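Written below as structure tokens is the structure these notes are about.
The values are calculated or read from the model by the stated rules, or taken from the named source; none is laboratory data. Here the structure is a predicted model, which means the values were calculated and not measured. Glycine also receives a Cβ, built like all others from the backbone with ideal geometry; neighbour counts cover every protein chain displayed.
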Amino acid sequence: MLAQVLRTRAHDLGQQPFLVGTERRLTFGEALEQSATVATFLKRQAPGTVFLQGADSAHLAVCLIACDMADRRSCIISEESTPAEAERIIDNLGGGLFVTTEPLAQGRDTATFQEMFGGPRSTDALPEESGTAGIAILTSGTTGAPKAALYTWEHLMSQARVIEGESDAVWLLAYPLNHFAGLQMLIHTLVNASTLVLPPSRRFGDLLESIVEHRVDSVSATPTFWRNFAGRLDVETAQTTSIRRITLGGEATTSDILEHLHDLFPDATITQVYATTELGSCFSVKDGKPGFPAEYLDRPVGNVDLRIIDGQLFVKVSKGMVGYADDSHRVEREGDWIATGDLVEHVGDRVFFRGRTTGIINVGGVKVYPLKVEELALSVPGVRAARVYGKPNPVAGQIVALDLEVDEGFAADQVIAEIRRAAQGGLSRYEQPRDIQVATLETRNEKIVRREAR
Amino acid sequence: MTVGTVDDRVIKVVRDVLEQKGAAEQEVGTESSLYEEGLGFDSLDTATLSAALEREFGRDPYTEGEFPRTVGELIQFIGAQS
């Protein structure tokens, strides 16, 4: 379906810019040509999932479309994943072709992006109908085993709408393409024939330069992204940009960032989107206030119905995930209602987000499971007990905090240093504990709780 | 809390964060810019800095809606309330 839409766009608007970055600038026509070249390569490989790691966003976007053309499931592996993690991901999804920037050692089907893009395009026509293989979107695993949410492109694109005038929009890709939100940006711009600007990195200077140079008028990002980006902008610089549309999602939005964005971009519309990888896009709020109106509980809104059960937000959706690759990870349900894991509080005419039910930590929009971090800490010599939790943070929403008890005979500062070393080797940057304190821990109801700090 | 002037303590906090991100060799002075044009702090490093300042001084600029650009501005913030 992704490929079908690109064919239509390329036919109607072949010369219009689609993917714009510092290294590459592709029109719809050029994106179609490159997708066909890559699809030709893939059709000559053994069937199976195509795992992509290490390319720039423009190449990744083309590869996703090419996989659809070739009826191959795609899966983007984060550049932060270690080789061991990549191996686990590939094995968990039944193996397949691993595409990277550098040739790999023997033992697995591999290819490089250079081979895929440099190959000939077959003179045989590729199927006009898109495949059904879809994409696997990776989410954080509870104890280190990565989860993969499986989607067909039909499902992912079912919420995309052609909006009048949207073809003139210029969006910034602020999320990576291995995130649900990043894929939604790609789909939205493709369906609406808009332009998607791909910054070379997420560093402030690169982002601002991309926004100004390519006259970006629309940006969708997490509140953490916006706090960091807006925190370094002054009103004068903000007025040099063309930003007229701001979207926030991925984590709870607080009033401080909404107010700050209003101050910097007084003429911009500001929308908060509630969506999850497991459930898809749910609803949006455009009134500039945190949380959502309580009247959303009384009627269908966006793609969902909402209700609160025991302080947790539940949703009932029509289009969502096909399933998990691993059956042991099931979404909690109450009949047709799906648990979001978000704690909410109904106050007057408003519903506010208050945290998570399961202790899952949300670091800048990325979910972190405490158990995984605890296991790593407990593997370090000298750690007698450990408790991992999310600590509120004004920059990232939450950070991973670790309280630990140190065995006798071990120096606390050395144990902490060793934990940091182990974390750098075994955890993603989001998962690494950023506040470590020695404390006295006790067990209550079979759970470790912190008694006092030392 | 550690003993020393506010300047020394703030710089030590910044150095600790640099060490955690594997950049202990970086020079740190009051003129040092915190972000990519200087010490290279991204959002996660800044979150760490915020937590470390709060632990050392009981407060940090980010919680109070400020976004200091240099080590000197951090010192100024902490010193103003000490």
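Per-structure values
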| item | result |
| --- | --- |
| Any hit, the range A:242-256, residues being at pLDDT 90 or above, within 13 Å of another protein chain (Cβ to nearest Cβ) and in a helix (DSSP H, G or I) | no |
| Flag for residue B:27 being away from chain A (no Cβ under 11 Å), farther than 24 Å from residue A:392 by Cβ and either in contact (Cβ under 8 Å) with a residue 40 or more places away in the chain or part of a loop (DSSP other than H, G, I, E, B) (or both) | yes |
| Subset tally (residues that are over 11 Å from the mean Cα position of the chain (by Cα) and basic (Lys, Arg)) for the range B:52-82 | 2 |
| Contacts under 6 angstrom Cβ, first residue in the range A:183-206 being touching a residue at least 60 places away in the same chain (Cβ under 8 Å), partner surrounded by fewer than 20 Cβ atoms within 10 Å (Cβ to Cβ) and among the hydroxyl-bearing types (Ser, Thr, Tyr), 6 or more apart | A:193/A:167; A:200/A:22 |
| Tally, over the range B:1-47, of residues that are more than 13 Å from the chain's Cα centre (by Cα) and under 15 Å from residue B:57 (Cα atoms) | 5 |
| Odd one out for residue B:17 among (1) within 12 Å of chain A (Cβ to nearest Cβ); (2) among the β-branched types (Val, Ile, Thr); (3) part of a loop (DSSP other than H, G, I, E, B) | (3) |
| Test: residue in the range A:378-388 that is in a loop (DSSP other than H, G, I, E, B), closer than 26 Å to residue B:60 by Cα, in contact with a helix residue (DSSP H, G or I) (Cβ under 8 Å, 6 or more places away or on another chain) and not aromatic (Phe, Trp, Tyr) | no |
| Selection count, the range B:19-56, where residues are crowded, with 22+ Cβ neighbours inside 10 Å, farther than 22 Å from residue A:418 by Cβ and of a type in the set (Val, Ile, Thr) | 1 |
| Total residues in the range A:382-420, condition in contact with a Leu (Cβ under 6 Å, 6 or more places away or on another chain) and aliphatic (A, V, I, L, M) | 4 |
| Candidates A:373, A:366, filtered to the one that is more than 19 Å from residue B:60 (Cα to Cα) and within 14 Å of chain B (Cβ to nearest Cβ) | A:366 |
| Only one of A:54, A:29 that is in contact with a strand residue (DSSP E or B) (Cβ under 6 Å, 6 or more places away or on another chain) and surrounded by fewer than 19 Cβ atoms within 10 Å (Cβ to Cβ) | A:54 |
| Checking residue A:228 against (1) surrounded by 24 or more Cβ atoms within 10 Å (Cβ to Cβ); (2) of a type outside the set (Val, Ile, Thr); (3) more than 10 Å from every other protein chain (Cβ to nearest Cβ); (4) closer than 20 Å to residue A:260 by Cα, the condition it does not meet | (3) |
| Meets criteria (crowded, with 22+ Cβ neighbours inside 10 Å, within 15 Å of residue B:76 (Cβ to Cβ) and modelled with pLDDT under 95) for residue B:7 | no |
| The range B:62-82: number of residues that are touching a helix residue (DSSP H, G or I) at 6+ places or on another chain (Cβ under 8 Å), within 12 Å of another protein chain (Cβ to nearest Cβ), surrounded by fewer than 19 Cβ atoms within 10 Å (Cβ to Cβ) and not in a helix (DSSP H, G or I) | 2 |
| Test: residue in the range A:195-214 that is surrounded by fewer than 21 Cβ atoms within 10 Å (Cβ to Cβ) and under 15 Å from the mean Cα position of the chain (by Cα) | yes |
| Lone unmet requirement of (1) modelled with pLDDT under 85; (2) more than 29 Å from residue A:373 (Cα to Cα) for residue A:149 | (2) |
| Flag if residue A:218 is under 28 Å from residue A:3 (Cα atoms), without any contact (Cβ under 8 Å) to a residue 60 or more places away in the chain and touching a Lys or Arg at 6+ places or on another chain (Cβ under 7 Å) | yes |
| Tally, over the range A:373-426, of residues that are surrounded by 22 or more Cβ atoms within 10 Å (Cβ to Cβ) and of a type in the set (Gly, Ala, Ser) | 6 |
